[in-house]
Amino acid sequence: MTTRPPQPAVPEFSYRDGALQAEGLPLELIAERVGTPFFLYSASAMEAAYRRFTKALEGLRAEVFFAMKANSNQAVIQTFAALGAGADVVSEGELRRALAAGIPGEKIVFAGVGKTAREMTLGLEAGILQFNVESWPELERLDAVARSLGLVAPVAIRVNPNVDAKTHTKIATGRRADKFGIDLDHARSFYAEAMKLEGIRLEGLAVHIGSQLTEVTPFREAFTRLAAFYRELQGAGVPLTRLDLGGGLGVGYRGEQPDLEAYAAIVREATEGLEAELAFEPGRYLVAAAGLLVTRVVYVKEERGRRFLIVDGAMNDLIRPTLYEAYHEILSVKEPQADWVYGEADLVGPVCESGDYFARDRLLPPAEAGDLLALSHAGAYGAVMSSTYNSRPLVPEVMVKEGEMAVVRGRQDYATMIAQDSLPDWLSKPDQ
Ligand code: LLP
């Protein structure tokens with residue numbers, strides 16, 4: 001390998017005494033305690049990302065709502081809540097998790113295209129700050145639910161600015177053909193009609209054009225269009241107070257640095273002189289680099305001129321590589337040595353699908369069975385997207401901070417997994 005071997009993405013993960021450690025704890029030690037595979041989070045790296053994000057927005061009237069879909073572990077939510085963050089939720093489950101973590105209703109925004117009446121009721125009863133509404137039928141339903149409870153629902157309408165975020169097609173959300181938001185042209189009459197609903201209080205305008213944006217130009221286009229529309233609505237007498245700019249800032253999966261400064265500059269430029277509180281819903285930026293998926297090599301298989309490193313982690317634990325062709329850097333837990341020869345190999349799991357891979361045709365370290373590897377940037381959309389496919393139990397999540405470690409979700413045990421099924425009468429009847 002002519003280039004430098006992959007390096008950890010944050011200073012909290014680094015090589016010391018020949019091995020990868022996290023905030024002072026060797027990964028091998030954690031693996032011995034909890035078994036593999038497992039997700040490992042650095043609380044300090046999460047805090048540092050949050051502080052960088054809020055610092056970049058200093059001077060703006062900005063509020064940050066952590067997009068819990070990226071990582072909804074209670075310990076993660078509370079780490080951000082302790083720093084003053086609110087939560088962006090998209091389901092009853094996320095709303096309940098946010099409330100359980102002690103986030104007050106007034107620091108919660110509820111997004112998503114398909115909120116049910118039950119979810120609306122729960123949000124209204126919790127006194128949440130804002131419902132981001134994406135269609136007329138949804139607004140009518142919210143109006144009815146709010147009136148039936150004798151309440152008024154605070155609403156931001158999510159617009160679709162028709163901007164291509166230039167990200168993976170499955171996570172671009174601001175193009176005309178995507179299911180999200182109201183068309184800008186349609187939004188004018190939408191607001192006029194919405195003003196007539198007694199159960200609705202229009203407070204804001206929201207946008208989210210996609211996730212993992214590595215170019216900031218689409219943000220400029222979207223934010224500029226949105227700010228202009230916000231001014232127009234205010235001019236027309238809609239008493240708006242909040243502009244929600246969504247999430248989407250990308251991270252450097254291949255070692256590049258996310259352009260937070262350029263993002264913040266675009267926000268300032270687009271919202272200059274605007275009478276509005278700004279809301280942000282970052283998910284990935286706050287947690288991706290602060291997490292690893294740690295997995296052990298089970299076998300090294302050489303066949304048909306190919307080399308496969310077969311590990312105990314799989315697509316059910318981290319689905320991003322196969323779902324989005326996402327790239328996650330693979331770190332050797334033993335510190336790479338100058339004389340190591342990196343060879344092309346596939347990093348695969350034990351699940352019975354050819355799609356079960358973490359990397360293909362990648363230059364990988366000379367690992368042997370028993371070695372630990374760590375997949376970088378697994379803190380966002382990792383554990384939350386995992387499943388028990390192939391009856392593989394959900395894996396533990398471990399959080400470290402300054403030399404301490406805590407299992408923040410234990411490994412699911414087999415008995416619990418099986419006990420969740422129940423039998424129909426015709427199978428469970430005792431033998432006659
Ligand atoms: N706000 C809204 C309305 C969203 O839909 C999303 C993400 C966010 C905020 C947070 O975006 P972030 O800052 O994390 O980019 N599973 C995919 C990502 C899906 C993102 C969906 N929406 C992945 O693994 O790449």
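Here Glu397 fulfils each of the conditions (1) open to solvent by 90 Å² or more (accessible area, probe 1.4 Å); (2) out of contact with any Gly (no Cβ under 8 Å at 6 or more places or on another chain) apart from (1). Based on this model, can you work out whether Met405 counts as at pLDDT 95 or above, under 25 Å from the mean Cα position of the chain (by Cα) and surrounded by 23 or more Cβ atoms within 10 Å (Cβ to Cβ)? No, not satisfied. Only helices (runs of 4 or more DSSP H) whose full extent lies in segment 53-142 are considered here, and the ones with at least 1 residues that are of a type in the set (S, T, N, Q) and open to solvent by 30 Å² or more (accessible area, probe 1.4 Å) are 74-81, 117-125.
Consider segment 99-113. How many of its residues are in contact (Cβ under 8 Å) with a residue 24 or more places away in the chain and touching an Asp or Glu at 6+ places or on another chain (Cβ under 9 Å)? Result for segment 99-113: 6. Tally the residues that are in contact with a strand residue (DSSP E or B) (Cβ under 8 Å, 6 or more places away or on another chain) and not in a helix (DSSP H, G or I), restricting the search to segment 260-298. Summing the residues that are in contact with a strand residue (DSSP E or B) (Cβ under 8 Å, 6 or more places away or on another chain) and not in a helix (DSSP H, G or I) in segment 260-298 gives 18. When Leu184 is evaluated against the numbered criteria (1) more than 14 Å from the ligand (Cβ to nearest atom); (2) open to solvent by less than 60 Å² (accessible area, probe 1.4 Å); (3) at pLDDT 95 or above; (4) touching a helix residue (DSSP H, G or I) at 6+ places or on another chain (Cβ under 9 Å), which criterion, by number, is the only one it fails? The failed condition is (3). Of all residues in segment 255-304, exactly one satisfies the criterion of being basic (Lys, Arg) and within 12 Å of the ligand (Cβ to nearest atom), namely Arg284.
Filtered by the rule that a residue be more than 16 Å from the ligand (Cβ to nearest atom) and within 12 Å of Thr295 (Cβ to Cβ), segment 371-390 gives Asp371, Leu372, Leu373, Ala374.
No other residue among Arg360, Arg411 is free of Cβ contacts under 8 Å to residues at least 40 places away in the same chain, open to solvent by 50 Å² or more (accessible area, probe 1.4 Å) and within 30 Å of Gln212 (Cβ to Cβ) apart from Arg360.
Residues that are in a loop (DSSP other than H, G, I, E, B) and free of Cβ contacts under 8 Å to residues at least 40 places away in the same chain within segment 311-348 comprise Gln337, Ala338, Asp339, listed in sequence order. What's the total number of residues in segment 203-217 that are in a strand (DSSP E or B), within 8 Å of the ligand (Cβ to nearest atom) and in contact with a Ser or Thr (Cβ under 7 Å, 6 or more places away or on another chain)? Number satisfying all stated conditions: 2.
Per-residue answers, yes or no, for (1) in a loop (DSSP other than H, G, I, E, B); (2) open to solvent by 10 Å² or more (accessible area, probe 1.4 Å); (3) in contact (Cβ under 8 Å) with a residue 24 or more places away in the chain; (4) over 30 Å from Arg147 (Cβ atoms):
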{"residue": "Ala165", "(1), (2), (3), (4)": "yes, no, yes, yes"}
{"residue": "Lys170", "(1), (2), (3), (4)": "no, yes, yes, yes"}
{"residue": "Ala177", "(1), (2), (3), (4)": "yes, yes, no, yes"}
{"residue": "Phe219", "(1), (2), (3), (4)": "no, no, yes, yes"}
{"residue": "Arg231", "(1), (2), (3), (4)": "no, yes, yes, yes"}
{"residue": "Pro258", "(1), (2), (3), (4)": "yes, yes, yes, yes"}
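Per the listing Ile209, Ile200, the residue uniquely crowded, with 21+ Cβ neighbours inside 10 Å, at pLDDT below 95 and within 20 Å of Val133 (Cβ to Cβ) is Ile209. Scanning segment 333-345 for residues that are more than 16 Å from the ligand (Cβ to nearest atom), farther than 13 Å from Pro5 by Cα and of a type outside the set (Lys, Arg) turns up at least one hit.
The values are calculated or read from the model by the stated rules, or taken from the named source; none is laboratory data. Since this is a predicted model, take the numbers as computed values, not measurements. Because the Cβ atoms are built from the backbone with ideal geometry, glycine has one as well, and the counts that use them run over all protein chains shown. Heavy atoms of the whole protein, side chains included, go into the accessibility calculation; ligands, DNA and RNA do not. Shrake-Rupley method; radii C 1.70, N 1.55, O 1.52, S 1.80 Å.
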